[in-house]
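Chemist: Below is a structure I'd like to ask you about.
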Amino acid sequence: MDNYLARLTELGKDSESYLFDAGHFSVVTDERIHQMRLQLDFCTRNVPAGQRGLA
């Protein structure tokens, strides 16, 4: 993961990471909601409005 994030940085790409103690994925609803919020916030900040596929 560190190599992937470092390469994105080298290429000038935006990236963020979030680690949690639940294996490969979380089944705890609150954690899944938190993860989705992080993903949506990242996309809102980094994907231009005209490219979001919103009508």
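Every number here is computed from the coordinates shown, using simple stated rules; none is lab data. Note that this is a predicted model, so its numbers are computed, not measured. Backbone-built Cβ (ideal geometry, glycine too); neighbour counts: all protein chains shown.
Chemist: At 25 °C and 0.890 mPa s, grab the translational diffusion coefficient of the chain from Stokes-Einstein with a Kirkwood Rh over Cα pairs, rounded to a whole number in µm² per second.
Modeler: So the translational diffusion coefficient is about 185 µm²/s.
Chemist: Answer with one residue from Asn46, Tyr4, Val28: the one whose Cα lies farthest towards the positive end of the charge dipole of the chain, charges on Cβ with Lys, Arg +1 and Asp, Glu -1.
Modeler: Most positive-ward Cα: Asn46.
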